[in-house]
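The values are calculated or read from the model by the stated rules, or taken from the named source; none is laboratory data. Everything numeric here is computed off the predicted structure, so don't read it as measured data. Reconstructed Cβ throughout: ideal geometry from the backbone, glycine too, with neighbour counts over all protein chains shown.
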Amino acid sequence: MDLQQRIAYNYFFSRQARQHLSAQGLGQIANSDLEAAQDFCLRLIRNAQAKVPFQPWVAQDGDELKWIALSRMLLSQSGNPFAARLFGEGLAKLCAYRLSLEDLQVFTAVLSQLYPTLKADGDKYCLGIADYTSGQNELVYAPLDGGKISIDRESLVEMASRLAASRASDLSGIDKAALPPLITEFAADFAAALPSSPALMARQFEGKFLNQGCMKKILAGVSEGKRFYGSMAIAIACQKDGLSKEEASALMRQYVANCQRSSHEFRESEALASLDWVYKHPGINLSCRKLLQQGLIDRYCDGCPQTKRKTE
Amino acid sequence: MDSAATAKDSVAPADATTAPKDFERSKEHDFIGRHFQQFYKTHQVTVPSVSMREFGFGYEKKIDLRHKAFQSQKELQEYFISKVPLYASYSAAFYEYPAARPMSAKNFLKAELIFDLDASPDHEGHNPVMCSHCQESVRADVIRLLEDFLFADFGFSKDETTVNFSGSKGYHVHVASESLMQLSSTQRDQLVEYCAGMNVDFARFFNSEKHKNLPMVDRQVEVIVGPSTASKGWAKRILDRALAILVLPQDEFIAKFRKAGYTKKQAEAIFANKDYVASQLSSGRWSAIEKPDLLVAEIASTAGVGRNVSLDRAVTTDMSRLIRIPNTLHGDTGIVAKTIPFSELSSFDPTNSALAFDLSKTENVVALDHYDFFFAGSSHVLEKDRIAEVPLAVAMLLLCKKKALLL
Ligand SMILES: [Zn+2]
């Protein structure tokens, strides 16, 4: 296996991986391919959830690239952003492990594809502003000088794996309508095998707002364009249910993690800013009509004290 | 009245379909329009990449109509001469179809990075006609934004950065570097947040380390480690500011520490030890100063851009915003929204360097109130309801501000 192949097989986000996939294509998709993809996807999800270090591996051929592509198609059908996020995290952990094994040449060759401004700088690296801010890094805390940010190898890998995770779990580019029927059929069983957000599902809230179906739906994550309004709705519900700011912040972080990753990043700080604002303006009411208009919910919840009041 | 040469050119109204119908066509409006038109007949408005920008124009408001596009420089200039807008704006964004609507149909390609600084006229003694305090405070922050942040920390090149006076009280800084034009709104927000230094948890630049078994000390000692001369970015800014405070003359030194919340006794003790303190801080040992958090909080409250003036975050992050076109007239002042070379920024006085209209010609106006202001190096005092003969540029300023009428 030559260097280009090794990069292609092991780093799904690399130019070499894209070239490999476009040259090979996905071929005729058989049920066995989908089963293999499902196994692969569930394995990554388990690895993402694992508290102990998981057993990583290095890819020896291009099968994994095919499984990643199929997993993403299946995940896009499943409507489970929580599982999509775990899949991305699992894949990112794997890439981070593989990067840690690489020599300087391969390491730089792979990472400069994610960060075109990357330069080696002694035993560290440096990045330009555009690359540094493309991740979830906060610029104000960065050692910024002359447009360059110095960063050590470990932090760089962490940053790259976050980016890899968000690329893997960003399913917004997949045209669901154009998926082969075989995938659509398989997706129903696949969806049933996926975990749902345990932290949220298991949690019983004391108050009446967070326990409503609408809020549970929003907490489980929403897609791009709805994330900000979702954060406002959660903040109001937290405030009405009397959660402390700390409890509410923890819930908000969980919400951000559950939301769909996409090209337009939704930062934790943006969601926490909604929370801040709502807690400073305690008179704000939750508007079910707004939730409906914004597409955050598709119907009013049964037995919702709010809508009852509205229709009276 | 002004020269007959301009008087015979009538000012065409804006597009009947788009301009406000109830626009008041007063004598003053005609006067302003004729002079604006004359200006555009003799001054070329140059817009780089003109065909890729969206334009917006205003007569009553800053923007009455938008989604306009021009194929060429010539077409744009003809629009200025025939429609004579009072306010002219363009997009920092470049689009494939700048006239298309809704916004998404324009097909966004890239956008210049813009920083918008404006005066906060709510200070004591604000002059409603021409306020030198407002002008100076914004200019000072623009210089700080450029030198401390855009050039030093961000490393932007001077060739790609331009400063534009808005024609009124504010300034726009444009950065047209290819590598930055693709930044997302979230990334732009990070840049403006960095310059403002707002919502920063400064405690994150400090660590407290507990040391046991120090020689001669039998209890645990807490050592605060913070920014040192090796630091960069905001950490370095905190240290530099602290060191600058430590070399202040005694009176200012004590006052600064008192303002930060230290007692007089504490401030005097630090002053007596200031050289030692400075050398300790330089090597990151912040325990050398009592309550370092007080000093840091004081530094944090002044070190960012936009403390006494407003740094409009939305102009930087919202790429669909329209901003004043450089070298056009501002309808509130009749002053040119001039591009200013960096070398002239520190001494820039719009009433000298950005005048569109003559100071040697005069015009009679009736002031609507009592006004007392400086303009182009001279003091102007106008009494309410009295006729005053003022330079044309001053007449335009007062008429544009609706603070005077023609005879
Ligand atoms: Zn003022």
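Could you check how many residues of segment B:194-204 are touching a residue at least 40 places away in the same chain (Cβ under 8 Å), facing another protein chain (nearest Cβ under 8 Å) and part of a helix (DSSP H, G or I)?
Within segment B:194-204, the subset touching a residue at least 40 places away in the same chain (Cβ under 8 Å) is B:194-198, B:200, B:202-203.
Add one more test, that the residue is facing another protein chain (nearest Cβ under 8 Å), and what stays is B:194, B:197, B:200.
Then keep just the ones that are part of a helix (DSSP H, G or I); that gives B:194.
Selection size over segment B:194-204: 1.
Here segment A:247-295 is the region considered, the condition is being among the charged types (D, E, K, R) and outside any helix (DSSP H, G or I), and the residue that is surrounded by the most Cβ atoms within 10 Å (Cβ to Cβ) is A:ARG261.
Regarding segment B:169-184, can at least one residue be identified that is more than 16 Å from B:VAL315 (Cβ to Cβ), in a helix (DSSP H, G or I) and either without any contact (Cβ under 8 Å) to a residue 60 or more places away in the chain or away from chain A (no Cβ under 14 Å) (or both)? No, because not a single residue in segment B:169-184 is more than 16 Å from B:VAL315 (Cβ to Cβ), in a helix (DSSP H, G or I) and either without any contact (Cβ under 8 Å) to a residue 60 or more places away in the chain or away from chain A (no Cβ under 14 Å) (or both).
Of all residues assigned to segment B:333-344, at least one qualifies as being touching a Cys at 6+ places or on another chain (Cβ under 6 Å), modelled with pLDDT of 95 or more and closer than 22 Å to B:LYS27 by Cβ.
Quick one: which residue in B:SER89, B:SER120, B:SER104 is modelled with pLDDT under 95 and closer than 30 Å to B:PHE373 by Cβ? Please lay out each step first, then the result.
On the way: B:SER89 fails: modelled with pLDDT under 95; B:SER104 fails: closer than 30 Å to B:PHE373 by Cβ.
The conditions single out B:SER120.
In segment A:164-177, what count of residues is obtained for those that are in a helix (DSSP H, G or I) and either in contact (Cβ under 8 Å) with a residue 60 or more places away in the chain or surrounded by 13 or more Cβ atoms within 10 Å (Cβ to Cβ) (or both)? Steps first, answer last, please.
Of segment A:164-177, the ones in a helix (DSSP H, G or I) are A:164-169, A:176-177.
Now restrict to residues that are either in contact (Cβ under 8 Å) with a residue 60 or more places away in the chain or surrounded by 13 or more Cβ atoms within 10 Å (Cβ to Cβ) (or both): A:164-169, A:176.
Matching residues across segment A:164-177 total 7.
All but one of (1) in contact with a helix residue (DSSP H, G or I) (Cβ under 8 Å, 6 or more places away or on another chain); (2) outside any helix (DSSP H, G or I) hold for B:THR316; which doesn't? Every condition holds for B:THR316 apart from (2).
Of all residues being acidic (Asp, Glu) and within 23 Å of B:GLU209 (Cα to Cα) in segment B:255-300, which is modelled with the highest pLDDT? Just the residue, please. If you could, list the steps in order and put the result at the bottom.
Within segment B:255-300, the subset acidic (Asp, Glu) is B:268, B:275, B:290, B:293, B:298.
Right, trim to within 23 Å of B:GLU209 (Cα to Cα) and you get B:290, B:293.
Details: B:GLU290: 88, B:ASP293: 92.
Across segment B:255-300, the extreme among qualifying residues is B:ASP293.
B:GLU290 fulfils the conditions (1) in a helix (DSSP H, G or I); (2) away from every other protein chain (no Cβ under 14 Å); (3) of a type outside the set (Phe, Trp, Tyr) except for a single criterion, (1).
Here B:GLU389, B:GLU363 are screened, and the one residue that is touching a helix residue (DSSP H, G or I) at 6+ places or on another chain (Cβ under 6 Å) and modelled with pLDDT of 95 or more is B:GLU363.
Each row is one residue, and each column tells you yes or no for (1) outside the structural domain of B:GLN73 (by TED's automatic domain parsing); (2) in contact with a His (Cβ under 9 Å, 6 or more places away or on another chain).
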{"position": "B:GLY261", "(1), (2)": "yes, no"}
{"position": "B:LYS264", "(1), (2)": "yes, no"}
{"position": "B:ASP275", "(1), (2)": "yes, no"}
{"position": "B:VAL296", "(1), (2)": "yes, no"}
{"position": "B:THR317", "(1), (2)": "no, no"}
{"position": "B:LEU322", "(1), (2)": "no, no"}
{"position": "B:ASN327", "(1), (2)": "no, yes"}
{"position": "B:THR333", "(1), (2)": "no, no"}
{"position": "B:GLU344", "(1), (2)": "no, no"}
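Name the helices (runs of 4 or more DSSP H) wholly within segment A:178-237 that hold at least 1 residues that are at pLDDT below 85 and closer than 28 Å to A:LEU292 by Cβ?
Values: elements: A:181-193, A:198-201, A:213-219.
It comes to A:198-201, A:213-219.
Which one is nearest to the ligand (Cβ to nearest atom), of the residues in segment B:99-138 that are within 16 Å of the chain's Cα centre (by Cα) and assigned to a strand (DSSP E or B)? Checked segment B:99-138; the qualifying residue nearest to the ligand (Cβ to nearest atom) is B:ASP118.
On the given criteria, is B:ARG188 surrounded by 20 or more Cβ atoms within 10 Å (Cβ to Cβ), charged (D, E, K, R) and either assigned to a helix (DSSP H, G or I) or within 14 Å of another protein chain (Cβ to nearest Cβ) (or both)? Give the derivation first.
On the way: surrounded by 20 or more Cβ atoms within 10 Å (Cβ to Cβ): yes; charged (D, E, K, R): yes; either assigned to a helix (DSSP H, G or I) or within 14 Å of another protein chain (Cβ to nearest Cβ) (or both): yes.
Answer is yes for this residue.
Of the residues in segment A:17-65, how many are closer than 26 Å to A:LEU114 by Cα and polar (S, T, N, Q)? Going through segment A:17-65 one residue at a time, the tally reaches 7.
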